[in-house]
Amino acid sequence: MEHKPFDQLRSVADVQPRPLSREDRLQRWIDLLERDPTRCLNTLGEIEYKPPAERALIREDNSPLTVAYEDPVLRADGLESDRLGDAMRYFALSDGQAHYALCSCLSGRTMEAATCAQRLRNATGDVSWQSTVGAWAMAALAVGLPGLVYLLS
């Protein structure tokens, strides 16, 4: 079997890359934000008070949505713009998730990229169950270990 780079295959065949899963899209956005964690980004102004049609059109220069839209991979995968409605559709964000991660009422007019990345993780449930189980196991060990040492000595 002969291996060829993707670009060469595109010249001889209609090759479409596999669409990213929701988790892949969100993780890529979080990774992009974390590449420059201290970058100061503009939040979206009080999105919860806007009617749905108006909310969908909201955008800000240099916002977390701008970071996502600047990425050619996310654009090629289907992110249409840096407007809130397009981002909510593409990343499958609920109103509450978008509000928590992007709105000015929780962060002020600006926030660091790392803060937004953490908010996206928190809002979208990007905490794996293994981490949660590990945390509980460590807590049980911390509480139970002194008693176990006492019993065995």
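Checking the structure you have, find out if any residue of segment 102-119 is touching a residue at least 40 places away in the same chain (Cβ under 8 Å), within 18 Å of S21 (Cα to Cα) and surrounded by fewer than 21 Cβ atoms within 10 Å (Cβ to Cβ).
no
Do we find a residue being in contact with a strand residue (DSSP E or B) (Cβ under 7 Å, 6 or more places away or on another chain) and either modelled with pLDDT under 90 or in a loop (DSSP other than H, G, I, E, B) (or both) anywhere in segment 102-110?
Yes, because at least one residue in segment 102-110 is in contact with a strand residue (DSSP E or B) (Cβ under 7 Å, 6 or more places away or on another chain) and either modelled with pLDDT under 90 or in a loop (DSSP other than H, G, I, E, B) (or both).
Among the numbered criteria (1) surrounded by 12 or more Cβ atoms within 10 Å (Cβ to Cβ); (2) over 15 Å from the mean Cα position of the chain (by Cα), which single criterion is violated by E34?
Failed condition: (2).
Which members of segment 85-98 meet the condition of being out of contact with any strand residue (DSSP E or B) (no Cβ under 9 Å at 6 or more places or on another chain) and touching a residue at least 40 places away in the same chain (Cβ under 8 Å)? It would help to see each step written out before you state the result.
Filtering segment 85-98 down to residues out of contact with any strand residue (DSSP E or B) (no Cβ under 9 Å at 6 or more places or on another chain) leaves 85-97.
Result: Y90, F91, A92, D95.
Is one or more of the residues making up segment 59-75 at pLDDT below 95, surrounded by 12 or more Cβ atoms within 10 Å (Cβ to Cβ) and assigned to a loop (DSSP other than H, G, I, E, B)?
Step one: of segment 59-75, the residues at pLDDT below 95 are none.
No, there is no match, as no residue in segment 59-75 is at pLDDT below 95, surrounded by 12 or more Cβ atoms within 10 Å (Cβ to Cβ) and assigned to a loop (DSSP other than H, G, I, E, B).
The values are calculated or read from the model by the stated rules, or taken from the named source; none is laboratory data. Computed from a predicted model, the values in this text were never measured in an experiment. Quick reminder, even Gly has a Cβ in these numbers, built from the backbone with ideal geometry, and neighbours come from all protein chains shown.
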